[in-house]
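Laboratory data are not the source of any read-out in this text; all were calculated from the coordinates shown. For clarity, every value in this text was computed on a predicted model and none was experimentally measured. Ideal geometry is used to build each Cβ from the backbone, glycine not excepted, and the neighbour counts take in all protein chains shown.
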Amino acid sequence: MSQNEYDILLVEDSIPIRETLRLGLESEGYSVHEAGDGEDALSILEKLPRPGLIFLDLLMPGMNGMEFLDHLQSHPARLDSIPVIILSAVAKTAKAEYPQVRAVLSKPVSFDDLFELVRRNLARKRER
Amino acid sequence: MQSFESDSQLIQSLQDVLRSAIEIADADFGNIQLLDPETSCLKIVVHQGFEKEWIDYWDRVSHGHGVCGTALERGERVIVEDIKQSPIFQGTVALEVQRKAGVRAVQSTPILGRSDQLLGMFSTHYRHPGRPSDRTLRILDLFARQAGDIIELHRSKEALRESEELLRRVSDNASVGLTRCSRDWYYVSANPAYAKIAGKPIEQIVGRPIAEVMGSRAADTIRPFVERVLNGEHVSYEAQVPFAGSGLRYLHVSYTPDFDSAGRIVGWVACVVDVTDIAVLKRMEDELRAAIEVRDDFISVASHELKTPLTALYMQLDLLNRFVGTAGQGPQSKISGLARSAYQSVKVFSELLDDLLDVTRIRVGKLTLSLQEMDLREAVLEHVKFVREAALERGSNIAVQANEPVRGTWDSKRINQILSNLLSNAIKYGSGNPIEVRLSTNIGTETARIEVQDHGIGIPKEMQTKIFERFQRAVSDKTITGLGLGLYIVRQIVELHGGSIAVASEIGQGALFTVLLPLRPPQSQTWQSKEVR
């Protein structure tokens with residue numbers, strides 16, 4: 001894994017939730033980048049190598065989760081091939097429209113479920 | 001007829017006619033009779049020259065009796081030149097009555113109305129036998145015609161008076177305000193209901209300027225409508241009119257132009273309904289609705305605001321539990337115990353908040369389903385496994401009867417919510433007795449059937465429909481917790497799937513909840529699962 005490579009991009013506006021997720025994921029050995037909204041996330045995706053998985057909140061100020069997914073789909077760099085797990089307070093599904101969405105979890109989510117989903121969906125096997 | 005006789009004006013006029021006729025026609029006696037339409041009898045109203053005895057005898061005459069009765073029968077004038085020779089009187093008591101009075105000759109002329117209907121009889125009597133000359137008869141015709149005109153005029157006046165009286169009674173007792181106004185803005189008349197609306201006694205309204213009675217602000221309010229009615233238009237409107245005497249009134253008003261005989265508009269007639277009380281009730285209702293909306297909005301906003309920090313807390317405690325682990329002794333075990341307990345508390349908190357959020361979603365029609373193929377038996381077994389321990393802690397064993405997989409299209413998360421609510425209720429109210437869960441499929445109706453039965457305290461009859469409403473709980477026992485939202489949400493979820501829920505219960509015998517779910521939800525429901533925004 002090169003200097004800039006990482007496993008998971010967390011897109012979530014709530015800092016405590018984001019930090020908790022990061023803490024949990026890092027405790028399992030995953031490398032994580034954080035973004036506070038869709039625009040942040042897009043610029044990270046454009047600058048750094050692709051992550052193996054994106055955790056995406058839906059309700060965010062600025063570019064929200066749905067708009068972010070629309071941007072991924074129309075992005076020339078085929079960013080829509082990165083698997084996405086939606087983490088939302090509103091229980092809605094985006095599976096029908098966005099094939100890269102692997103799961104929709106409603107908050108709060110247990111780390112048991114979360115780790116299980118990461119194991120199953122992380123695109124690239126971690127090199128330890 | 002009584003009113004005719006008592007009407008001195010009519011009698012006076014007819015008396016004048018009779019006196020003139022007797023004088024001009026050289027008669028010695030005479031009388032005028034009116035026809036009573038009820039009895040078809042002729043009744044004397046005026047007479048001249050007769051004694052009381054004669055009047056009493058001839059007071060009421062029917063068909064064929066005497067000369068006048070014969071004229072009544074034939075509908076034309078009858079002349080008897082000599083009553084001693086006339087077959088009309090031969091062998092009758094009437095002959096003697098006439099003889100005593102000195103009557104020898106009689107003529108009776110019918111009094112006709114403008115449309116030739118018989119109104120009465122005009123008779124003149126003579127002491128000597130003979131026939132009145134043709135000229136005299138023509139004069140008598142004129143007098144009979146005049147008497148007819150007088151009677152008809154009187155009757156139409158009477159009818160007018162009666163209808164005016166009726167109108168006055170209606171107007172006096174009407175709950176609707178009625179008023180007539182002149183085109184120079186004066187009140188011509190007003191009824192008590194109008195006076196009540198205006199907040200002034202009638203004496204202070206009638207004959208006064210409108211602007212003075214209702215106040216200039218009120219007059220300005222009605223001015224545009226008055227201008228229209230004075231242009232010949234029928235006007236209806238609703239307005240809030242600030243009366244000087246009674247304050248702001250909410251009125252439904254209609255105006256009709258008032259014409260004189262030449263067809264000129266001399267003013268208008270107003271019909272005014274005071275709906276102030278109704279308007280006030282309506283406003284209170286609107287305010288109540290708005291207050292309920294504010295409450296619901298508040299619940300919605302508050303739940304959403306609470307959700308984010310609670311989510312963080314929930315996940316932090318979850319993570320803390322993992323870090324601390326269950327192992328260890330001394331302070332380490334205390335910390336892990338506390339972390340576990342805090343996690344459980346936050347979990348309950350989070351579930352309550354989810355219920356509140358669901359209620360606000362239901363209210364705005366935003367509760368949606370995320371449909372997928374699933375096995376209901378798997379969900380039931382899984383859930384029972386999950387709550388078995390909690391049930392046993394209360395002494396209830398859960399027996400499941402689910403022999404075959406029940407495959408269908410449902411929202412698995414929402415199905416779990418149904419099971420979770422029904423089972424937690426069964427445990428909560430089950431008094432520690434066994435609980436049965438049964439699952440079956442009705443192939444014919446393509447329906448899955450879930451039954452959850454407890455043998456606990458039961459639900460009173462009057463509560464059995466209420467428990468499916470918002471904020472309702474079957475027991476007011478403070479030791480049993482909850483918001484009273486669970487079954488309301490369950491019913492909404494079941495109905496969103498196109499299914500139904502029912503309860504059967506007796507006090508002290510427990511309760512049986514039955515949920516019927518179509519294996520495939522109706523078409524109209526499926527679109528919601530695709531809704532993403």
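Once the Cα atoms are used to define both axes, helix B:276-324 deviates from the longest principal axis of chain B by about 0 degrees.
Mind pulling the per residue volume of the convex hull built on the Cα atoms of the protein assembly as shown? Å³ is fine.
Values: hull volume 232.2 nm³, N = 661.
Convex hull volume per residue, Cα atoms: 351 Å³.
Using a simple spin-label model with pseudo-atoms 7 Å out from Cα toward Cβ, B:Glu389 and B:Arg283 lie 6.1 nm apart.
Looking at chain B, identify the longest residue range that excludes and avoids all GluC sites (Glu not before Pro) in DSSP loops having at most 14 other Cβ atoms within 10 Å. Here the longest run is B:234-445.
Look at where the Cα atoms of segment B:244-268 and of segment B:120-159 average out, and the two centres are 48 Å apart. Note down the net charge around B:Asp82, summing +1 for each Lys or Arg and -1 for each Asp or Glu among other residues with Cβ under 10 Å from its Cβ. Every neighbour counted, the sum reads +2. Of the two radii for chain B, the radius of gyration is 1.43 times the Kirkwood radius, both from the alpha carbons; that is the Rg over Rh value.
Mean residue ellipticity, 222 nm, helices only, the protein assembly as shown: the sum of -39500 (n - 2.57) across DSSP H runs of n ≥ 4, divided by residue count and rounded to 500, is -14500 deg cm²/dmol.
Applying 1/(1 + (r/R0)^6) with r as the Cβ-Cβ distance of B:Glu305 and B:Gln240 and R0 = 51 angstrom yields a FRET efficiency of 0.80. For the segment B:299-312, counting C-beta atoms of other chains within 10 Å of every residue's C-beta and taking the mean gives 3. Against the main long axis of the alpha-carbon atoms of chain B, helix B:331-363 sits at an angle near 30°. Partner shielding of A:109-116 amounts to 3, given as the average count of beta-carbon atoms from other chains within 10 Å of each residue beta-carbon. The label point for B:Ile55 and the one for B:Arg217, both projected 7 Å from the Cα toward the Cβ, are 6.9 nm apart.
Comparing Cα centroids, segment B:322-377 and segment B:1-68 end up 108 angstrom apart.
The orientation-averaged shadow of the Cα convex hull for segment B:381-436, equal to a quarter of the hull surface, comes to 3.8 nm². Computed over the Cα atoms of segment A:1-123, the ratio of the radius of gyration to the Kirkwood radius (Rg/Rh) comes to 0.92.
Counting residues in segment B:227-309 as N, plug N into 2.2 N^0.38 Å and put the Cα Rg over that result.
In units of the 2.2 N^0.38 Å rule of thumb, it is 1.98.
At an R0 of 60 angstrom, the distance between the Cβ atoms of B:Glu73 and B:Asp172 translates into a FRET efficiency of 0.80.
What order do you get for B:His304, B:His128 when you list them from fewest to most C-beta neighbours inside 10 Å?
On the way: B:His304 16, B:His128 10.
Exposure proxy ranking, most exposed first: B:His128, B:His304.
For chain B, the longest principal axis of the Cα atoms and the long axis of helix B:8-24 meet at an angle of about 20 degrees. The residues packed around B:Ile427, meaning those with a beta-carbon under 12 Å from its beta-carbon, carry a net charge of 0 if Lys and Arg are +1 and Asp and Glu are -1.
Each label point was placed 7 Å from the Cα along the Cα-to-Cβ direction; for B:Asp36 and B:Leu137 their separation is 3.2 nm. In this structure, the pairs whose alpha-carbon distance is over 30 Å, taken from B:Lys334/B:Lys385; B:Lys347/B:Lys385; A:Lys47/B:Lys347; B:Lys282/B:Lys461; B:Lys307/B:Lys413; A:Lys47/B:Lys413, are A:Lys47/B:Lys347; B:Lys282/B:Lys461; A:Lys47/B:Lys413.
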